[in-house]
Every structure is written in C-alpha cells, then in structure tokens.
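Report on one structure; see the data block that follows.
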Amino acid sequence: MSYTKYQAFLKVVELKSFTKAGKSLGYTQSAVSQMLNSLEEELNTTLLFRSKSGIAVTDEGLELLPFIEDLCHSHDTLSERAISMHNIDKGIIKIGLIHSVAHTWIADLMAHFKVKYPNVQYQLVTGSSRQIQELATTQSIDFGFVYLPVTSELIDVKLLREELCLVGARPDSMTGPLALEDLGNLEFIESQGNEELGLLEKIAAQKGIRLKKALSAPDLLSAAAMAEKGLGLVAMNQNLAETFRCKTDVLPLAFPASAEVAVIFNDLNRVSRTGKCFLDLLVETYCTE
C-alpha cells in the first residue's frame, strides 16, 4: 500500500475537502479521489462518507485513523533519519518551545547553528511545559525546552535560571522592588502560555496571598500590550521583558522568584544526528553544569 494514499487520507480528514487536500499535496481533486477509492478497496472498508453537504469520517475510518497517523509519522521519521545520516546539513530538527524561550534566545542559537549548517530545516511548536513534555514523551519532537520540574520519565539537562519580574505601570504607593506582600494588592493579566504567573501564584500561596486576575489575554504579546495601557501587570522573566521592550515599567521583585529552564528528550538514541549537533551547541552555550 502506498504512503501517498495514507497521506492523502489524512489531508482530506484535516481539510474536509478533496479539492483543498489536492492543492495542499500538489494533486488534482480527481487524483485524490482515486487514491482514496483505491485505499478503501485495499483496506476493504469505507473510510469517508461523501455527500453534497461535505465529507465525514466513518466509524471505521476513525478507528483506523490513529494507525494511519502512526504509519505516516514513522515514514517521515525514517526519511528524515536517512537524510541526516548522510548529510547533517539537510536534516530536520523538531523542537518544542515554551513561550519565553520562543520569544528570546532560541533565535540566537538557531542563527549560530545556521552558519555551519545553512540548509537545516526546523519544525517548531510552542506550548506549556506540560504540553512540551507530552510531545517529548510520544517522540513527536526531537527535544523540547520547559520550565522545571519535569514530571514525566524524560531526560532533562538544566540550562539556565530565569529571574522573574512584573511588567506594567508601577502603583503610585509602591517604590523600589516589590515585596511578596504587595502582590495581593495588585491586578494581574493572565494569558495562555504565561507560566510565570503560575509560578508567582505558588510562591504567594505559601504565604496565604491570592493574586487578583483582572483580565485574560489570548497570548503573551496581547497581555504585554494591555500592560502598557495600564490595565494590569504581567509576570514574565527579565530576559523576556528586555526582549519585548515594553513601553512601561519593568518592576523587580524583592523576594526570590525564578524559573529554571531545561532541555528535555525521551531517548538520545532516537534524536537525529542533526538534532544531536544542535544539542551539542546548546549545552556548550547555555549549560550551567
């Protein structure tokens, strides 16, 4: 059975259209339809319902879907590994990134790596530390960057410690670094992927202090823009605050508050040669141990 047929099936399921799937894969609508008909004959089952109202996956198609996804993933991994075995400069590196890393120093590292390996391709995905750990556990990525601690059975290498701060207009009644007791009198803006606020909440909770969340933003950039308008404070690490160059105050904290960044992976033997070269540069540049 042809890998191309599996790929066409997955793309039709994703886009819910033979025409769109064909454009995405470089085939005509008729060619995609023929591939799906052939695949259904080979599997002796109906994978898709076709009607004037659209396309729907059958119960049999849903049952076979995860197996087809695994097969295509294995095929792609095999192809990528074969390429990197012969030429590191043509390999693909799949990296999971927490938002603070995605917005700061990872770009510098990629630029440095590109000098030696200009043709390397990257597949980057952002998410929370928990989400990146899940991707590493299933080996959907070569490695990922997270805040410690790591809760799953993954290998982690500590890289650096990021000091936390607050970004936003300083309250008139407060001067100097903010004390832990001050946090209960402030209003915060939360956002998806903003793990720094969660870390501050844990620190405050140990003293019986509850943080007030005034707004919820769709992402960290939106939250920073709201903070610039005086709508609340955003928790982030100092490196990220410097990168954003927000047009407002960056408020240091008078109490210990930091987050340790680590790179994680499932099995070093399953990381591509290209990925291992990137890890070598990473550890050489940032490793604290």
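Between ILE155 and TYR286, the simple spin-label model (points 7 angstrom out along Cα→Cβ) gives 1.8 nm. Springs join every pair of Cα atoms under 10 Å in this Gaussian network model of the chain, and among GLY54, GLY168, GLY230 the largest mean-square fluctuation is at GLY54.
When the chain is treated as a Gaussian network with alpha carbon springs shorter than 10 Å, the biggest mean-square fluctuation among LYS20, LYS114, LYS94 belongs to LYS20. What you get for segment 162-258, charging only the Cβ of Lys and Arg (+1) and of Asp and Glu (-1), is a dipole of about 200 debye around the Cα centre.
With a cut-off of 13 Å on the backbone N, no residue of segment 1-20 is near the modelled label site 7 Å out from SER51 along Cα-Cβ. Both radii were evaluated on the Cα set of segment 3-85; the Rg over Rh quotient, with Rh as the Kirkwood radius, amounts to 1.00. Run the Debye formula on the Cα coordinates of segment 189-264, all scatterers equal and no solvent, and tell me log10 I(q)/I(0) at q = 0.14, 0.28 1/Å. Debye intensities relative to I(0), on a log10 scale: -0.46, -1.52. Residues considered: TYR122, TYR147, TYR27. Largest GNM mean-square fluctuation over the chain, using C-alpha springs under 10 Å, is found at TYR27. Taking each pair of distinct Cα atoms in the chain once, what is the resulting Kirkwood hydrodynamic radius in Å? Roughly 22.0 Å, rounded to one decimal. Dipole magnitude for segment 3-85: computed about the Cα centre from +1 point charges on Lys and Arg Cβ and -1 point charges on Asp and Glu Cβ, it is near 520 debye. A simple charge model with +1 on the Cβ of Lys and Arg, -1 on the Cβ of Asp and Glu and nothing else charged puts the dipole of the chain at about 740 debye relative to its Cα centre.
Any read-out appearing in this document is the output of simple, stated calculations on the displayed coordinates, not a laboratory observation. This is a predicted model, so every value here is computed, not measured. Because the Cβ atoms are built from the backbone with ideal geometry, glycine has one as well, and the counts that use them run over all protein chains shown.
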